[in-house]
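Written out below as structure tokens is the structure these notes cover.
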Amino acid sequence: MRQRLIFTNRPGEAIDGLVAGLRPANVYVIVDANTEKQVLSLLSAMSEAVAGAKTICVGEGDVNKNLDSLASVWTVLNETGATRSSLVLNVGGGMVTDMGGFAAATFKRGMRFINVPTTLLAAVDASVGGKTGVNFNGCKNEIGVFAESEAAVISTVFFDTLPVRELLSGYAEMLKHALLDNRKTFCDLLDYSFAGAGYDKDRLLELLKESVAVKERIVAEDLHEHGIRKALNLGHTTGHAFESFAMAVRHSPIPHGYAVAWGMVVELILSRMLTGFPSDMLQRYVAYVRDNYGAFDFTCDDYSRLLGFMAHDKKNPSADRINFSLLGDVGDVVIDTVVDIDNIKAALDIYRDMTGI
């Protein structure tokens, strides 16, 4: 993995150093409307490069991670003379880093870009690892490319702008990384709660660094997801189905991290059923999710739609075979597990029982 990961609570200095080294013809900053309001002036005061850049603002939220928003970014790049020697700074959450990275990777057949995540979820997940893309036809990340940023500047100084709900959304991906790595880290994370507590920015930065290191090791081994990188899909086959269902059926998007947290419940249940995942770890995780994330509410009448979204997942070997990454234990990943429909329905039944819906 060639992407540089810079963990610092002086992000302006890091950005200016990177820009000076890259010597771009010009610099663009892509933000969404919320980041423009909450973060851009703060970061501009820290960074000469950001202060002097051309700003491209898109609508906020996952509903705007689409071809129309993407085209609006390309239009500005085109009309203002961007070239392959230009540089894009994606400043925001996962929607901005996903779409901004895709815009840069495809304009002029590839511009350089740097990710500056401003949410915990983007810091631990979307800004690292080279996946870019947009939603299409009601499906998550249906169109995209693998394209690594020049760097990701990861900082916790922006997190004061985040509600607890956003912090929890990112924390779900940290829980996932711990599940893929080792039992001690997983149990330590289960012992922490954001409810009613502040946090130490420097300590959180260290926890982030440890969590991202898990993803970094996996991505370095398998950038294009032919093998072990599929482990990072834990919770995502079901989680993306929940997201797609919420958008397409209910027209009410749900946070990605919450969908992953709920998706991991289903997939750890499948892991218990099929690969022997320990019952005590499943029970502890479900209790944590129930207490902190609640539950995604659906009935058995919704199974066919959910299964349809799972079947459409781009990770499946074919349209009629639904593929999961499961666990034999914490740290013991079982990739490429094709699960039959009856077992998925049984896991959804158990999910509803365990979460009390």
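The values are calculated or read from the model by the stated rules, or taken from the named source; none is laboratory data. The shown structure was predicted, so the numbers you read here are calculated from the model rather than taken from an experiment. A quick note on method: Cβ atoms are made from the backbone with ideal geometry, for glycine too, and the neighbour counts reach across all protein chains shown. Surface accessibility is based on the protein's heavy atoms, side chains included, excluding ligands, DNA and RNA. Shrake-Rupley method; radii C 1.70, N 1.55, O 1.52, S 1.80 Å.
Scan the stretch 214-230 for residues that are of a type in the set (A, V, I, L, M, F, W, C) and more than 15 Å from the chain's Cα centre (by Cα) and the total you get is 4. Taken over the stretch 154-173, the criterion of being touching a Lys or Arg at 6+ places or on another chain (Cβ under 9 Å) and of a type in the set (Asp, Glu) is satisfied by 160, 173. Here is a check on your reading of the model: is residue 218 of a type in the set (Val, Ile, Thr) and not in a helix (DSSP H, G or I)? Taking the combined requirement at face value, the residue does not satisfy it. Looking only at the stretch 167-184, residues that are touching a helix residue (DSSP H, G or I) at 6+ places or on another chain (Cβ under 6 Å) and closer than 17 Å to residue 232 by Cβ come to 11 in all. Close Cβ contacts (under 9 Å, 6 or more residues apart or on different chains) running from residues in the stretch 129-144 that are outside any loop (DSSP other than H, G, I, E, B) to residues that are among the basic types (Lys, Arg) and crowded, with 19+ Cβ neighbours inside 10 Å comprise 134/65; 135/65; 140/65; 141/65; 141/131.
Which residue, of 127, 155, is more than 21 Å from residue 260 (Cα to Cα), buried (at least 21 other Cβ atoms within 10 Å of the Cβ) and not aromatic (Phe, Trp, Tyr)?
Numbers: 127 fails: more than 21 Å from residue 260 (Cα to Cα).
Residue meeting the stated conditions: 155.
Just one residue in the set 121, 167, 175, 77 is of a type outside the set (Val, Ile, Thr) and over 19 Å from the mean Cα position of the chain (by Cα); that residue is 77. Is it the case, given these coordinates, that residue 62 is at pLDDT below 95, acidic (Asp, Glu) and either surrounded by 23 or more Cβ atoms within 10 Å (Cβ to Cβ) or within 21 Å of the chain's Cα centre (by Cα) (or both)? Spelling it out, residue 62 is indeed at pLDDT below 95, acidic (Asp, Glu) and either surrounded by 23 or more Cβ atoms within 10 Å (Cβ to Cβ) or within 21 Å of the chain's Cα centre (by Cα) (or both).
As a summary of the residue check, residue 310 satisfies the conditions (1) over 30 Å from residue 227 (Cβ atoms); (2) open to solvent by less than 10 Å² (accessible area, probe 1.4 Å) except for the one numbered (1).
I'd like the residue in the stretch 79-110 that is charged (D, E, K, R) and closer than 16 Å to residue 26 by Cα and, out of all such residues, is least open to solvent (accessible area, probe 1.4 Å). Walk me through it before giving the result.
Residues of the stretch 79-110 that are charged (D, E, K, R), as a first pass: 79, 84, 98, 108-109.
Those left that are additionally closer than 16 Å to residue 26 by Cα: 79, 84, 108.
Numbers: 79: 142, 84: 146, 108: 104 Å².
By that ranking, first place goes to 108.
For the stretch 40-59, what are the residues that are surrounded by fewer than 21 Cβ atoms within 10 Å (Cβ to Cβ) and within 20 Å of the chain's Cα centre (by Cα)? Result: 59, single match.
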